[in-house]
Amino acid sequence: MTVPGRRRRDRGVALVTAMLISALAALVASDMAWDNALEVRRTTVLLQRDQAVQVALGAESWARLILSQDANDTPTDHLGEIWAQELPPLPIDGGGEVFGSLEDLEGRFNINNLIDRRGRVHRESLERFQRLLTVLELEPRLAGAIVDWLDPNQEPHLPDGAEDAIYTSVLPPYRTADQMVTSVSELLAVQGMDRETFRVLEPHITALPPGTSINANTATPAVLRSLSDTLTESDVAALVEERAEAGFADVRSTFAPLLPPGATLPVDSSRYFRLRVVVRLGTVRVTLYSVLQRDQGQVTPLLRSFGTA
């Protein structure tokens, strides 16, 4: 015979057990739904990123076509040409957009020009770079440290050089590159280069194969001033006004009287450009930087990076 009190206890235990089982089932179901939602979200983001990368590469192909056509249309490069115009946001499938710009890298000072192909200091380039630093109100002695970062030897460039003896004495220790740089951001490791100095300098420098020229039609005013000690701020302002968006009528005749005899004159055409493409798709944002080389109308990507220049 079952005791009534015990019967009630058994029913209570059964009820609590049923509630626990229901709660566990709900928890498991909720956890599975959350995991499924995360997986769907992860898959969606990966698909959107893949699509964004393909759109960016498609924009690169378009830019290569524009540069190739420009080489066939005109022998000069200036800021009034189609390639120099910023691409406004264009819609893409999936509710996103793409926009970007092309920049002439030969409108900047090429850091790798500081060392010639035999590994020796290129004096004219060094003097121009020192003038550029002075124009930007930066320390000219920084040029010596950068020379030592690039040259293949371990002899400090006097009086401002810095070789391994300097870098191995810091924490953590490291060594000089002793070779050309592929990105100007590498200069952040150079003795004396802080982030504020780099921020001021970066818009006026680039890292290209050595031996490039300055395109006077696209050069920044600071780079134009670095061409000669005798060029003043007002001289450069007049030159920038003269070139406007159509470029100089004759670069050689314009600059020959302004530069010292025997100095390398700027040019009016370029071979190296940098493309920046931004693709937004859903919550995904992809930025592609691509260095493009144009040679006799053929345009080839030399370096691609996503997210950083």
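One compactness figure for the stretch 86-226 is 1.20, namely its Cα radius of gyration divided by 2.2 N^0.38 Å. State the answer as a single residue: which of Pro75, Thr134, Phe273 lies farthest towards the positive end of the charge dipole of the chain, with beta carbon charges of +1 for Lys and Arg and -1 for Asp and Glu, about the Cα centre. Of Pro75, Thr134, Phe273, it is Phe273.
Taking label positions 7 Å along the Cα-Cβ direction at both Asp164 and Met32, the computed distance is 6.3 nm, reported to one decimal. Sorting Trp83, Trp62 from the fewest to the most surrounding beta carbons within 10 angstrom yields Trp62, Trp83.
Suppose the chain between Leu171 and Asp295 were pulled fully straight at 0.36 nm per residue; how much longer would it get relative to their current alpha carbon spacing? Write out the running numbers ahead of the final one.
Numbers: separation 124, 0.36 × 124 = 44.64 nm, distance 4.42 nm.
Gain on extension, Leu171 to Asp295, equals 40.2 nm.
3J(HN,Hα) along the stretch 139-150, derived from phi through the Karplus expression 6.51 cos²θ - 1.76 cosθ + 1.60 where θ = phi - 60°, amounts to 6, x, 5, 4, 4, x, 5, 5, 4, 5, 5, 9 Hz, with x in place of Gly and Pro.
Rounded to the nearest whole Hz, the Karplus-based 3J(HN,Hα) values (6.51 cos²θ - 1.76 cosθ + 1.60, θ = phi - 60°) of the stretch 245-254 follow the sequence 9, 9, x, 6, 5, 8, 4, 5, 5, 6, with x at glycine and proline.
Residues in the stretch 262-269 carry Karplus couplings, in order, of x, 6, 5, 7, x, 10, 10, 9 Hz; the curve used is 6.51 cos²θ - 1.76 cosθ + 1.60 with θ = phi - 60°, and Gly or Pro positions show x. Taken along the Cα-to-beta-carbon direction at a fixed 7 Å, the label points for Gln179 and Gln85 span 4.2 nm.
Note on Glu155 and Asp194: the extension gain reaches 11.7 nm, defined as 0.36 nm multiplied by sequence separation minus the Cα-Cα distance.
Sequence-distant contacts, meaning Cα pairs under 8 Å at least 6 residues apart, place the relative contact order of the chain at 24 percent. Each helix, a run of at least 4 DSSP H residues, gives -39500 (n - 2.57); summed and divided by the residues of the chain, these come to -13000 deg cm²/dmol at 222 nm.
By the beta-carbon count within 10 Å of each Cβ, the least crowded to most crowded order of Leu303, Leu158, fewest first, is Leu158, Leu303. Computing P(r) over Cα pairs in 10 Å bins from 0, in percent directly from the structure and comparing it against [x] 6, 23, 23, 18, 13, 9, 5, 2, 1, 0, 0; [y] 6, 26, 36, 24, 8, 1; [z] 5, 21, 24, 19, 11, 5, 4, 4, 3, 2, 1, 0, 0 singles out [z].
Bear in mind that the values in this text are calculations on the coordinates, not laboratory data. Just so you know, these numbers come straight off a predicted model, no measurement behind them. Note that each Cβ is placed from the backbone with ideal geometry, even for glycine, and that neighbours are counted across all protein chains shown.
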